Amino acid sequence: MKVVARGQDMIVLELSVKETHTIIASLREADQELEDWEFQTRTGVERNVMRELHRAIRDALYGAGA
């Protein structure tokens, strides 16, 4: 992983395909294994925010709708 740019509200990262797969798998695991009542407490975000991030990363890697 390489930090390409850093701003006040954004960080631009360069990730390898393997790193991207790791993030996708980790997000999927959290979504599948955490109960609704514990999800936000343990992750710091609401489940729908995580799902949007998961979908965006997956689409960037595989193409939209994958």
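Brief remarks on what is shown
- Relative contact order computed over segment 16-62 (Cα-Cα under 8 Å; 6+ residues apart), in percent: 46 percent
- When the inverse distances between all different Cα atoms of segment 1-62 are averaged and flipped, the Kirkwood radius reads 12.8 angstrom.
- Selection from Ile23, Val12, Ala64, by position along the positive dipole direction of the chain (Cβ): Val12
- Taken about its Cα centre, the chain carries a charge dipole of roughly 320 debye when the Cβ of each Lys and Arg holds +1 and the Cβ of each Asp and Glu holds -1.
Just so you know, all these numbers are worked out from the coordinates, no wet-lab data involved. What you see is a predicted model; the values in this text were computed from it and never measured. Every residue, glycine among them, receives a Cβ derived from its backbone with ideal geometry; neighbour counts consider all protein chains shown.
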